[in-house]
Amino acid sequence: MTLQDLYTELTTAGFDIHFGVAPVGTKCPYGVLTDIAHPNFIADDKTYAKTTECTLTLVEAGAHDFELEQTIEETLDGLNIPYTVDESWLPEEGVVETYYSIAIYGGVPSAEVES
């Protein structure tokens, strides 16, 4: 599984997903996939295992859409991608953000992902 594969699977499932930043005026709900780090396993001057740590941020207007969140989690589960979930309420913006912290093994750098 690569970051491109995850992006493709989420968009194929019908989610409005953007890589890095959502364009101004994007309507809720939408997701933003952000590449955070690559804590690869390196030994003997060779990269043995590649990892991409990323965050999928789901932005929802006003309140949680639990069916949408369940569908995202089922998509991640179906791809055998482990994740943790955190959330925050931004009252000044009127949105709820749900953060899915994801580690993709065999991931690719963000420069190789097309959105």
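The values are calculated or read from the model by the stated rules, or taken from the named source; none is laboratory data. Since this is a predicted model, take the numbers as computed values, not measurements. Here the Cβ positions follow ideal geometry from the backbone for every residue, glycine too, while neighbour counts run over all protein chains shown.
Mind listing whichever residues of region 28-67 are within 20 Å of Ser88 (Cβ to Cβ) and charged (D, E, K, R)?
Glu53, Glu60, Asp65
What strands (runs of 3 or more DSSP E) completely inside region 27-115 contain at least 3 residues that are modelled with pLDDT of 80 or more and either of a type in the set (Gly, Ala, Ser) or surrounded by 11 or more Cβ atoms within 10 Å (Cβ to Cβ) (or both)?
Qualifying strands (runs of 3 or more DSSP E): 30-37, 51-61, 83-90, 95-105.
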